[in-house]
Amino acid sequence: MPSAYLVYNPAAGRVSIRHFIGRARAILEQAGWEIALREASSAHSLTQLASEAAQSGADAFFVAGGDGSINLAVAGLVGSRTALGVLPAGTTNVLAQDLGLPKPSLAHLDAVEAAARLLARAPTYRADVGVCNRRPFLMWAGVGLDAMVVNDVEPRARWEKPFTLPKYILSGIKNTASWSGLQLQVEADGRQIEGVFVLAVATNIRRYAGGVAEISPHAFMDDGQMDLWLFRAENLADIAQRLLEVLTRRHMDSESIERVAFREAALYGEHALMMHTDGEPNGEAERITISVRPRAVRLLVPPGGERLFRHDPESPFAP
């Protein structure tokens, strides 16, 4: 019988998931899993629980939360044999969208249970993990406008979460009203780039910006590299144009947006740069390094999600 931790973040999402987590546990147990249910009392405790699961030899670590919860879990699972299972219960759940898992909403409150059904007998794929100034990430790491907005907006109280998109937009306008971008020097696998950029973001998955934009439509999570996107802009009008290009998928051919595939990258600015990893604040530094650890975490992948991988899967866990 495969064993797993089922951990939930009680602060994730627009509504409490305590009411749904018991049903998700029952679904997994009916599929043959031995489940240890845990509540994460803090961000640190979620990472600790993931480390505990890995050290105990658990086959999987199911986390019910959002992209931030996934980031915290990955920090405790990197390099272990314990597979991550994503039960989407956050506000945006971008990785879950990329994998094809159900998106929670007021009309779809059973998303956690539906995801548990899809992952109960799912195969495992090995995914690349990025490391941004020693902080692991599975989806993105960024500096510039998005990091400024993340540091301005996060963390949010539950009552604020229904207004996530308007709050991010207002924060973006506030942060760029009198801002002319960042003077950056970028080194990526020996290539050097310099200029004024409004945003530099490393991506491991295809979607970005709450899932509304597919920034890296051809990305794979297990190819040993990531995409570094550099957005040139010096004012609010430029920023609006770059956003429109991404939303309409014209950014691939834009002269003001550059994509660099990389394994090792470093970014330097004239001043300390704010960072985010997987949409969570990650402090600031004058020098930011981003590296790729190939296939460093196991991930339970539902039907349809295999499009994000080039390598063959491992067998599903047998009950």
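The values are calculated or read from the model by the stated rules, or taken from the named source; none is laboratory data. The shown structure was predicted, so the numbers you read here are calculated from the model rather than taken from an experiment. Using ideal geometry, Cβ is built from the backbone for each residue, glycine included, and neighbour counts are taken over all protein chains shown.
Each row is one residue, and each column tells you yes or no for (1) of a type in the set (Val, Ile, Thr); (2) more than 16 Å from residue 296 (Cβ to Cβ); (3) in a helix (DSSP H, G or I).
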position	(1), (2), (3)
62	no, yes, no
91	yes, yes, no
118	no, yes, yes
129	yes, no, no
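Of these, 60, 116, 64, which one is small (Gly, Ala, Ser) and without any contact (Cβ under 8 Å) to a residue 60 or more places away in the chain? Steps first, please.
Working: 60 fails: without any contact (Cβ under 8 Å) to a residue 60 or more places away in the chain; 116 fails: without any contact (Cβ under 8 Å) to a residue 60 or more places away in the chain.
Going through 60, 116, 64 in turn, the sole match is 64.
From (1) in contact with a strand residue (DSSP E or B) (Cβ under 9 Å, 6 or more places away or on another chain); (2) at pLDDT 95 or above; (3) buried (at least 18 other Cβ atoms within 10 Å of the Cβ), pick out the condition that doesn't hold for residue 13.
Going through (1) in contact with a strand residue (DSSP E or B) (Cβ under 9 Å, 6 or more places away or on another chain); (2) at pLDDT 95 or above; (3) buried (at least 18 other Cβ atoms within 10 Å of the Cβ) one by one, residue 13 breaks only (2).
Which residue out of 57, 85, 76 is assigned to a helix (DSSP H, G or I) and not charged (D, E, K, R)? Break it down stepwise before answering.
Numbers: 57 fails: assigned to a helix (DSSP H, G or I); 85 fails: assigned to a helix (DSSP H, G or I).
Selected residue: 76, the only one of 57, 85, 76 that is assigned to a helix (DSSP H, G or I) and not charged (D, E, K, R).
If we only count strands (runs of 3 or more DSSP E) wholly inside the stretch 197-288, which ones have 3 or more residues that are more than 19 Å from residue 131 (Cβ to Cβ) and in contact with a Gly (Cβ under 8 Å, 6 or more places away or on another chain)? Spell out how you get there, then give the answer.
Numbers: elements: 226-232, 257-262, 264-277.
Because the criterion is at least 3 residues that are more than 19 Å from residue 131 (Cβ to Cβ) and in contact with a Gly (Cβ under 8 Å, 6 or more places away or on another chain), the strands (runs of 3 or more DSSP E) in the stretch 197-288 that meet it are 226-232.
Residues that are part of a strand (DSSP E or B), at negative phi and surrounded by fewer than 20 Cβ atoms within 10 Å (Cβ to Cβ): does the stretch 102-113 have at least one? If you could, list the steps in order and put the result at the bottom.
In the first step, residues of the stretch 102-113 are kept if they are part of a strand (DSSP E or B); the result is 105, 108.
Okay, now just the ones that are also at negative phi, so 105, 108.
Next, only the ones that are surrounded by fewer than 20 Cβ atoms within 10 Å (Cβ to Cβ) stay: 105, 108.
Yes, because at least one residue in the stretch 102-113 is part of a strand (DSSP E or B), at negative phi and surrounded by fewer than 20 Cβ atoms within 10 Å (Cβ to Cβ).
Using the structure shown, decide if residue 206 is crowded, with 20+ Cβ neighbours inside 10 Å, of a type in the set (Lys, Arg) and in contact (Cβ under 8 Å) with a residue 12 or more places away in the chain.
On the way: crowded, with 20+ Cβ neighbours inside 10 Å: yes; of a type in the set (Lys, Arg): yes; in contact (Cβ under 8 Å) with a residue 12 or more places away in the chain: yes.
Spelling it out, residue 206 is indeed crowded, with 20+ Cβ neighbours inside 10 Å, of a type in the set (Lys, Arg) and in contact (Cβ under 8 Å) with a residue 12 or more places away in the chain.
Taking the condition of a type outside the set (D, E, K, R), in contact with a Ser or Thr (Cβ under 6 Å, 6 or more places away or on another chain), closer than 30 Å to residue 194 by Cα and in contact (Cβ under 8 Å) with a residue 40 or more places away in the chain, does residue 285 pass? Spell out the reasoning first.
Details: of a type outside the set (D, E, K, R): yes; in contact with a Ser or Thr (Cβ under 6 Å, 6 or more places away or on another chain): no; closer than 30 Å to residue 194 by Cα: yes; in contact (Cβ under 8 Å) with a residue 40 or more places away in the chain: yes.
In short, no.
Which residue is surrounded by the most Cβ atoms within 10 Å (Cβ to Cβ), if the candidates are limited to the stretch 18-54 and must be of a type outside the set (Gly, Ala, Ser) and not in a helix (DSSP H, G or I)?
Taking the stretch 18-54 and keeping what is of a type outside the set (Gly, Ala, Ser), we get 18-21, 23, 25, 27-30, 33-35, 37-39, 44, 46-49, 52.
So of that shortlist, the ones also not in a helix (DSSP H, G or I) come out as 33-35, 37-39.
Numbers: 33: 25, 34: 13, 35: 19, 37: 15, 38: 17, 39: 13.
Within the stretch 18-54, the match that is surrounded by the most Cβ atoms within 10 Å (Cβ to Cβ) is 33.
Do you know which residues across the stretch 289-313 are farther than 23 Å from residue 102 by Cα and either at pLDDT below 95 or not in a loop (DSSP other than H, G, I, E, B) (or both)?
Within the stretch 289-313, 289, 290, 291, 292, 293, 294, 295, 296 meet the criteria.
Being surrounded by 14 or more Cβ atoms within 10 Å (Cβ to Cβ) and not in a strand (DSSP E or B) is the filter; apply it to the stretch 172-192 and report the residue that is modelled with the highest pLDDT. Even if it seems obvious, please write down each step before you answer.
Initially, the stretch 172-192 is screened for residues surrounded by 14 or more Cβ atoms within 10 Å (Cβ to Cβ), giving 172, 175-176, 179, 181-182, 184-188.
Now narrow it down to the ones that are not in a strand (DSSP E or B): 172, 175-176, 179, 181.
On the way: 172: 50, 175: 54, 176: 53, 179: 59, 181: 74.
Result: 181.
Surrounded by fewer than 23 Cβ atoms within 10 Å (Cβ to Cβ) and under 16 Å from residue 300 (Cα atoms), is that true of residue 78? First the steps, then the outcome.
Working: surrounded by fewer than 23 Cβ atoms within 10 Å (Cβ to Cβ): yes; under 16 Å from residue 300 (Cα atoms): yes.
Answer is yes for this residue.
Can you tell me which residues in the stretch 242-279 are among the charged types (D, E, K, R), surrounded by 13 or more Cβ atoms within 10 Å (Cβ to Cβ) and within 13 Å of residue 232 (Cβ to Cβ)?
Step one: of the stretch 242-279, the residues among the charged types (D, E, K, R) are 242, 245, 249-250, 253, 255, 258-259, 263-264, 270, 278.
Those left that are additionally surrounded by 13 or more Cβ atoms within 10 Å (Cβ to Cβ): 242, 245, 258-259, 263-264, 278.
Listed by number, the residues that qualify are 242, 245, 258, 259.
Examine the stretch 35-55 for a residue that is modelled with pLDDT under 90 and hydrophobic (A, V, I, L, M, F, W, C), and state whether such a residue exists.
Within the stretch 35-55, one or more residues are modelled with pLDDT under 90 and hydrophobic (A, V, I, L, M, F, W, C).
Please verify whether the stretch 130-138 includes one or more residues that are among the hydrophobic types (A, V, I, L, M, F, W, C), surrounded by fewer than 24 Cβ atoms within 10 Å (Cβ to Cβ), over 28 Å from residue 30 (Cα atoms) and modelled with pLDDT of 95 or more.
Within the stretch 130-138, one or more residues are among the hydrophobic types (A, V, I, L, M, F, W, C), surrounded by fewer than 24 Cβ atoms within 10 Å (Cβ to Cβ), over 28 Å from residue 30 (Cα atoms) and modelled with pLDDT of 95 or more.
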